[in-house]
Amino acid sequence: MALLEKKHAFLSFERRINPAALGYPLMAFISVHVQQQKLGQLAAELSGIPEILEGHGLTGSADLLLRVVALDAEDLFRINGKILACDGVDRTDTALAMSELIPFRVQPLLDRGSQAS
């Protein structure tokens, strides 16, 4: 355990909280197309939107992938508007999450690592 802690293997406790239990039953993934030179300041601005749970820089057609939660479709529209209002955002594409087929997991990697030893 100490070795894993030293390697920063443990994520924050908040990753275990279900947003639906907090009143945010709608989850969506928003692909964001940005002006590359503004990416640093844009990340800071987007981190100020509480409904954005996480964001990843991407290769490919979109530049960022944001996982967001919302109260309902109207709230998602509001959140998307806040994202579009950020300086450096050109456009967004939104996909609703219909169901979680494979939840976040690490156990298969741990199992694989223990078998290799």
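The values are calculated or read from the model by the stated rules, or taken from the named source; none is laboratory data. Just so it is clear, the structure is predicted and the values come from calculations on it, not from any experiment. Note: ideal-geometry Cβ built from the backbone for every residue, glycine included; neighbour counts use all protein chains shown.
Could you identify the single residue in Asp111, Asp93 that is assigned to a strand (DSSP E or B) and of a type in the set (Asp, Glu)?
Just a single option satisfies the conditions, and that option is Asp93.
Within the range 39-57, is there a residue that is modelled with pLDDT of 95 or more, outside any helix (DSSP H, G or I), surrounded by 11 or more Cβ atoms within 10 Å (Cβ to Cβ) and in contact with a Ser or Thr (Cβ under 9 Å, 6 or more places away or on another chain)?
yes
If you take the residues in the range 86-101 that are in contact with a helix residue (DSSP H, G or I) (Cβ under 9 Å, 6 or more places away or on another chain) and farther than 12 Å from Val34 by Cα, which one is surrounded by the fewest Cβ atoms within 10 Å (Cβ to Cβ)?
Within the range 86-101, the match that is surrounded by the fewest Cβ atoms within 10 Å (Cβ to Cβ) is Leu96.
Provide a single number: the residues in the range 97-117 that are closer than 30 Å to Ala62 by Cα and either among the small types (Gly, Ala, Ser) or touching a Leu at 6+ places or on another chain (Cβ under 7 Å) (or both).
The number of residues fulfilling the criteria is 2.
So Lys82 clears everything in (1) surrounded by 11 or more Cβ atoms within 10 Å (Cβ to Cβ); (2) of a type in the set (D, E, K, R); (3) more than 19 Å from Leu42 (Cβ to Cβ) except one condition, right? Which one?
Lys82 satisfies every listed condition except (3).
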